[in-house]
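None of the figures in this text is laboratory data; all of them are computed from the coordinates on show. For clarity, every value in this text was computed on a predicted model and none was experimentally measured. Cβ placement follows ideal geometry from the backbone for every residue including glycine, while neighbour counts extend to all protein chains displayed.
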Amino acid sequence: MDKVRGFEIAKGWEDKNIHLPRRSTTYSAGYDFEAAEDIIIPSFKPGMAPTLIKTGIKAYMQDDEMLCLYNRSSNPKKKGIVLANSVGIIDKDYYGNEENDGHIMFAVWNFKDEDIKVEKGERIGQGIFQKYLVTDDDASTAKSSIRGGGFGSTNK
């Protein structure tokens, strides 16, 4: 069977009881991601960096696809957690990169007054595979083989 799109356990997480993302119902658009380990999300203070919630997951897809990461609708109200970048974009060539094997992480802020604990196995966000289009005059010449890094590496 040819691999079209899907999820795998990222290197280093194989023996950590990681669950692959799944859709909750037949008509769910998003695949639910879980936290790969317990983590404390500190209360937001101006100037602080977002907290990265590790999933232990990587994703593969077709050349004209991306995986969009979205917050769970219940996170802001129940936990005070919002995505720092509003929507995360996972490019096809993030998969298997040298730096982190394409390990997907959710960058979040906690806007509650107290620190929040997220426990291993807790659903933290969702991913939706989407097609994208390019312009007639698209001038991308870089090959995916030059991506050596992980988070935020496309401009390096």
Report summary line: Fewest-first ordering of LEU69, LEU20 by Cβ atoms within 10 Å yields LEU20, LEU69
**Report entry** Structure-based [θ]222 nm, the chain - -39500 (n - 2.57) summed over DSSP H runs of at least 4, per residue, nearest 500
**Finding:** -500 deg cm²/dmol
Query raised in the report: What is the spin-label model distance, in nm, from VAL134 to VAL87 if the labels are put 7 Å beyond Cα along the C-beta direction?
Result: 2.0
Requested in this report: Arrange ARG23, ARG72, ARG123 by Cβ neighbour counts within 10 Å, fewest through most, would you?
Outcome: ARG23, ARG123, ARG72
Query - Relative contact order of the stretch 6-132, pairs being alpha-carbon contacts under 8 Å that are 6 or more residues apart, as % - result: 38
Query - Residues with amide H under 5 Å from that of GLY102, placed H, sequence gap 5 or more - result: GLY96, ASN97
Requested in this report: Please give the contour-minus-distance gain from ALA49 to ASP115: 0.36 nm per residue of separation, less the Cα-Cα distance, rounded to one decimal in nm.
Outcome: 22.3 nm
Report task. Could you point to the residue in ASN100, MET61, PRO42 farthest towards the positive end of the chain's charge dipole, with +1 and -1 charges on the Cβ of Lys/Arg and Asp/Glu respectively? Result -> PRO42
Report summary line: Taking only the Cα positions of the stretch 6-132, the convex hull volume per residue in Å³ is 111
Query raised in the report: About its Cα centre, what dipole magnitude does the chain give when the only charges are +1 on Lys and Arg Cβ and -1 on Asp and Glu Cβ, stated in debye to the nearest 20?
Result: 520
Report summary line: Long-range amide H partners of ALA84, meaning residues 5 or more apart or on another chain whose placed amide H is closer than 5 Å, are ALA107, VAL108, TRP109
